[in-house]
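The values are calculated or read from the model by the stated rules, or taken from the named source; none is laboratory data. These numbers were taken from a predicted model, which means no experiment stands behind them. Cβ placement follows ideal geometry from the backbone for every residue including glycine, while neighbour counts extend to all protein chains displayed. Note: accessible area is taken over every heavy atom of the protein model, side chains too, but ligands, DNA and RNA are not part of it. Shrake-Rupley method; radii C 1.70, N 1.55, O 1.52, S 1.80 Å.
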Amino acid sequence: MHRGELTVSTTGRGTYDITRDIAKIVAASGARDGLATVFVHHTSASLIVSENADPDVRRDLDAFLARLVPDGDPLFVHTAEGDDDMPAHVRSVLTQTSIGLPIHAGKLELGTWQAVYLWEHRTSPHRRKITVTIVS
Amino acid sequence: MHRGELTVSTTGRGTYDITRDIAKIVAASGARDGLATVFVHHTSASLIVSENADPDVRRDLDAFLARLVPDGDPLFVHTAEGDDDMPAHVRSVLTQTSIGLPIHAGKLELGTWQAVYLWEHRTSPHRRKITVTIVS
Amino acid sequence: MHRGELTVSTTGRGTYDITRDIAKIVAASGARDGLATVFVHHTSASLIVSENADPDVRRDLDAFLARLVPDGDPLFVHTAEGDDDMPAHVRSVLTQTSIGLPIHAGKLELGTWQAVYLWEHRTSPHRRKITVTIVS
């Protein structure tokens, strides 16, 4: 059992690649084969695994969610923190709060095109805490 | 390795806070650091982590999903159990069947504003079984 | 700690039941109680737990996602591999890349109506790699 933490300082809405940070925690754990479970401690930021090559994929993901869950939608009652407040909660539950990743031969075993992203759903900058729990 | 079960008797569609029940299972396990994986044994109810403060957030989450996946949508062929049957399956796959939560210093380590909810997607009451698997 | 791999040769878009394959890996591991975490090594195929009885449920799930994330949507910039390329990435992040399943008394402990599916989001056939990590 090993535990690592990371903090991401976001500059506002968008995806932030945290694959390398997770890989470092896996390396520091000394685990050979096992499971790394990533967890984000927030309800307006989330986790995804997505394509790591073409930045247009991340642009399109954000364009899609922005259209699906529009900021300022009159459907929403919870608007205390602004137009992007409740959309951020919806976007979070439609994606992931935790993801379990395999560790093999001492390394995070992702597909060739996979990266792990923190998805900041608020339009303003935030500090986001992530815990990686390693079982091996 | 420790295993706990809980049953939630729902009164129909909506979110039910199960954070305290999960925390009790974590406490009973005696785990200091580890991972608690929550799993719901159904395909028309699911799990989310969301805001624990303003009940309007949960109202808005349900309003959003009700608009995104309308009951009685003529798109659906599977209507054997009623207008809310197939929407419940869709709502379940768009949210989570399992969530992995970190345990630290003997406690469930959630963010300040996070709670874990069972989301009942059927309009009528159901008994829902949840298993919590603890690795430490 | 036990690790198993499976490969699914898909014939194009749709859901593929992998429950039996996962159960075999659980049986081979000799685990009595524990956790099986399933992970798909791709960004245009994903995992869900859904109903195992009426095939119309799977037809309706695909019809819903096809309407929600239309192929050829002019919103998308990333179209290098065709009309279904970016929709496949969106469909993947709206569902799951990993799912944690409980093992009890030597068996995968799913609900009566639950099956685990690989969801192929591309319209053409692909070979998909899945890793099952077992902790017990």
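Quick notes on this one:
- Residue match in the stretch C:1-12 (condition: within 13 Å of chain B (Cβ to nearest Cβ) and over 21 Å from residue B:96 (Cβ atoms)): yes
- Subset of the stretch B:95-136 (residues that are assigned to a loop (DSSP other than H, G, I, E, B), crowded, with 20+ Cβ neighbours inside 10 Å and hydrophobic (A, V, I, L, M, F, W, C)): B:110
- Residue within the stretch B:78-90 that is within 14 Å of chain C (Cβ to nearest Cβ), among the acidic types (Asp, Glu), touching a helix residue (DSSP H, G or I) at 6+ places or on another chain (Cβ under 6 Å) and more than 23 Å from residue A:1 (Cβ to Cβ) present: no
- Within the stretch A:5-46, restricting attention to residues that are surrounded by fewer than 19 Cβ atoms within 10 Å (Cβ to Cβ) and among the small types (Gly, Ala, Ser), the residue that is nearest to residue A:90 (Cα to Cα) is A:14.
- Any hit, the stretch C:72-86, residues being under 17 Å from the mean Cα position of the chain (by Cα) and crowded, with 21+ Cβ neighbours inside 10 Å: no
- Residue list for the stretch B:47-62, restricted to those being more than 7 Å from every other protein chain (Cβ to nearest Cβ), within 15 Å of the chain's Cα centre (by Cα) and open to solvent by 10 Å² or more (accessible area, probe 1.4 Å): B:52, B:58, B:62
- Every residue from the stretch C:44-102 that is touching a strand residue (DSSP E or B) at 6+ places or on another chain (Cβ under 8 Å) and β-branched (Val, Ile, Thr): C:48, C:49, C:57, C:93, C:95, C:97, C:99
- Members of the stretch A:120-133 found to be among the aliphatic types (A, V, I, L, M) and facing another protein chain (nearest Cβ under 9 Å), listed by number: A:132
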